[in-house]
Amino acid sequence: MTILSSISFIGGGNMATAMVKGLAGLQPRPRLTIAEPDPAKHGFLQSLGAVTTSDNLAAVAASELIVLAIKPQMAAAVVSALAPGWSSKKVLVTILAGTTSAKLAAFLPPGARVIRAMPNTPLAIGQGMVGLCKGAHATDADLALAEALFTPCGKVLRVADEERMDAITAISGSGPAYVFQFAEALLAGAQALGFSADEAALLVGQTLSGSAAYLMTQGVAQAATLRQQVTSPGGTTAAALQVLNAGDYVGLMTRAVAAAETRGRELGRG
Ligand SMILES: NC(=O)c1ccc[n+]([C@@H]2O[C@H](COP(=O)([O-])OP(=O)(O)OC[C@H]3O[C@@H](n4cnc5c(N)ncnc54)[C@H](OP(=O)(O)O)[C@@H]3O)[C@@H](O)[C@H]2O)c1
């Protein structure tokens, strides 16, 4: 098993916090250092067991595994300022949406090892889905290290070709928003049938969480079978699904994820 002994984060925001919470359960416990410019956040980050600093280079010096968890628009300024502290022993794991490993490596000394990761928001409760791939100079051992970094807070899918990260983003990165939009739509439907906001929240919340848990116990590949089991011919579910399918529900979803993948590719080129 890969041992994570010391990890530094550049940026101590939402995603870094979620990862630190997941890593806190590891034995042996890794030494965690977080570089965060806002001193008001330091106390909270320290309460999670991390050492904090406002100096990004101090965080780089503290570990060989460095997680980049800033906003993508800060990447050029922040990563180029890390270069003086970089060495061939270090690995950068980036979670920046739409930012290629090559773009980040170009700010660091030649041959810099970069792993690109695409997490999603359920990472915050240890239920994330993370896509991972190697940049040009990263090794299989680096990839294993990154996988060990994310496993405490979710599941990991490795892809060999970085272009596939746009497809990962389209499915699992943006996926929670599709589920939340579905929840919003079902809430609106429940209120249109006369339920109060609280009643609708109970009905929709328990239906979503129960259905997801049931699907997982049966296996996701059984989705169609489970749907058929609750759809008797001429019944109530069939009446609803007929409306959804008249709107080309599956085709709509397929076009939606294709649009997300295309947008990811455009942003990556920008
Ligand atoms: N949230 C998601 O669902 C999700 C999913 C996949 C990928 N990502 C990626 O994850 C990254 C982080 O997202 P997030 O939601 O964690 O953002 P966030 O909460 O805004 O965290 C970014 C942190 O970086 C800090 N920061 C700003 N300038 C810095 C600097 N010069 N050096 C070091 N730290 C600096 C910010 O501090 P201040 O607040 O003081 O500016 C903030 O605490 C983004 O690139 C995003 O694309 C997010």
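The values are calculated or read from the model by the stated rules, or taken from the named source; none is laboratory data. The structure presented is a predicted model; accordingly, all values stated were derived computationally and were not measured. Heads up, the Cβs are rebuilt from the backbone with ideal geometry, glycines too, and the neighbour counts pull from every protein chain shown.
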task: Determine whether the stretch 81-97 contains at least one residue that is within 11 Å of the ligand (Cβ to nearest atom), closer than 14 Å to Glu36 by Cβ and modelled with pLDDT under 95.
output: no
statement: Residues of the stretch 1-42 being within 7 Å of the ligand (Cβ to nearest atom) and part of a loop (DSSP other than H, G, I, E, B), in sequence order, are Gly11, Gly12, Gly13, Glu36, Pro37, Asp38
- prompt: If you check Gly194, Gly205, Gly189, which single one turns out to be part of a loop (DSSP other than H, G, I, E, B) and either among the small types (Gly, Ala, Ser) or in contact with a Gly (Cβ under 8 Å, 6 or more places away or on another chain) (or both)?
  reply: Gly194
- prompt: Among Ala81, Ala40, Ala50, Ala69, which is the only one that is in contact with a Phe, Trp or Tyr (Cβ under 6 Å, 6 or more places away or on another chain) and not β-branched (Val, Ile, Thr)?
  reply: Ala69
task: Among the numbered conditions (1) in contact with a helix residue (DSSP H, G or I) (Cβ under 8 Å, 6 or more places away or on another chain); (2) closer than 17 Å to Met15 by Cβ; (3) surrounded by 22 or more Cβ atoms within 10 Å (Cβ to Cβ), tell me where Ala146 comes up short.
output: (1)
message: For the stretch 98-127, give me the residue count where each residue is surrounded by fewer than 18 Cβ atoms within 10 Å (Cβ to Cβ), in a loop (DSSP other than H, G, I, E, B) and within 13 Å of the ligand (Cβ to nearest atom).
response: 1
task: Would you be able to say whether some residue in the stretch 225-248 is exposed (fewer than 12 other Cβ atoms within 10 Å of the Cβ), within 18 Å of Asn120 (Cα to Cα) and at pLDDT 95 or above?
output: no
- prompt: Hey, does the stretch 152-165 have a residue that's part of a helix (DSSP H, G or I), under 22 Å from Val67 (Cβ atoms), away from the ligand (no atom under 15 Å from the Cβ) and basic (Lys, Arg)?
  reply: yes
